[in-house]
Amino acid sequence: MALGRQGFIEPLLVGAFTLLLGTMIGSRYMVRADRRFEASRQELTALSASYGPGRFSNNEEEYLVRDFFRNRRGGVFLDIGAGHYRDGSNTYFLEQQLGWSGIAVDAQEQFKDDYARFRPRTRFFARFVSDVSGVKARLNVGANTQLSSGDEKFTQTFGGIAGTREVPTVTITQLLDEIGIHQLDFVSMDIELFEPKALAGFDIERFRPALLVVEDHPEVRQPILDYFQSHHYVAVGRYLRADEHNLWFAPVGAPLPSPLHSGDVYTH
């Protein structure tokens, strides 16, 4: 049956309305994305003005640690997946410039001598941090050592595997107990998809660090979030804008530093 004039107009009106609605929704999301980008840019500008431009961490992590503690002197850190004593380190500045001390753990023993030589306030342990102690874990050593992991597929994807080695495991809690650490201020964790296992072996409520940064790979994001929620920690929302690589956590109800304004400068 042939359509009348009204039968042609109504579909056109519906189509035009749908297109308009889609455009409005798309524009709204674009505005929100632009606002998030601008907020992130402003946050990084303020952090760089206060603590930069130089840093030892791979990205802006050092700025955020210094911001949270406002360049406080004399804290205690735990650096898991510590890597090189200086390059890409989230804790080098804390030790060298602010007098912090702490523990560095990495499954690659070749870093040990440089920690002994250049980081006298840091004790280095060549261990594979996991949810159990006293067994052997296989480490896939990457062509880029920063991308070494217990997950073969991960290391293979990001640059290839240069070799493998067996490394003794330890839980965070056992390691801290063995060396007599009873309290932590800051924890940095970057162990390429093994963060949930490492967290499972950490009695966080005993040591109650004020701040933790954990690398945020999508494959393990949910277990990380679940762990911290179950132990009464929350994500530091302001740092989500400034760091797209990691998640930052602090105890529920703990006071957080006020936002910086571009031009604020905190010296040590």
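Remarks
- Any chance PHE125 is among the aromatic types (Phe, Trp, Tyr), modelled with pLDDT of 95 or more and crowded, with 21+ Cβ neighbours inside 10 Å: no
- Hey, GLN146 closer than 15 Å to SER89 by Cβ and not assigned by TED's automatic domain parsing to the domain that holds PRO196 or not: yes
- Residues located in the range 65-93, provided they are in a helix (DSSP H, G or I) and touching a Ser or Thr at 6+ places or on another chain (Cβ under 9 Å): VAL65, ARG66, ASP67, TYR92, PHE93
- Any hit, the range 216-233, residues being assigned by TED's automatic domain parsing to the domain that holds ARG127, at pLDDT 95 or above and within 23 Å of GLY74 (Cβ to Cβ): no
- Residue in the range 252-261 that is surrounded by fewer than 16 Cβ atoms within 10 Å (Cβ to Cβ) and of a type in the set (Ser, Thr, Tyr) present: yes
- Condition check for ASP113: out of contact with any Cys (no Cβ under 9 Å at 6 or more places or on another chain), farther than 24 Å from LEU199 by Cα and assigned by TED's automatic domain parsing to the domain that holds GLU192: yes
- Residue within the range 193-204 that is surrounded by fewer than 19 Cβ atoms within 10 Å (Cβ to Cβ), without any contact (Cβ under 8 Å) to a residue 24 or more places away in the chain and not acidic (Asp, Glu) present: no
- Close contacts from the range 146-167, counting a first residue that is in a loop (DSSP other than H, G, I, E, B) and a second that is among the basic types (Lys, Arg), with Cβ to Cβ under 9 Å and a gap of 6+ residues or different chains, come to GLY150/ARG138; GLY150/LYS197.
- Within the range 191-247, helices (runs of 4 or more DSSP H) holding 2 or more residues that are under 22 Å from PHE154 (Cβ atoms): 195-200, 221-230
- Flag for ARG117 being out of contact with any Gly (no Cβ under 6 Å at 6 or more places or on another chain) and modelled with pLDDT of 95 or more: yes
The values are calculated or read from the model by the stated rules, or taken from the named source; none is laboratory data. Computed from a predicted model, the values in this text were never measured in an experiment. With ideal geometry, Cβ positions are generated from the backbone for all residues, glycine too; neighbour counts draw on all protein chains shown.
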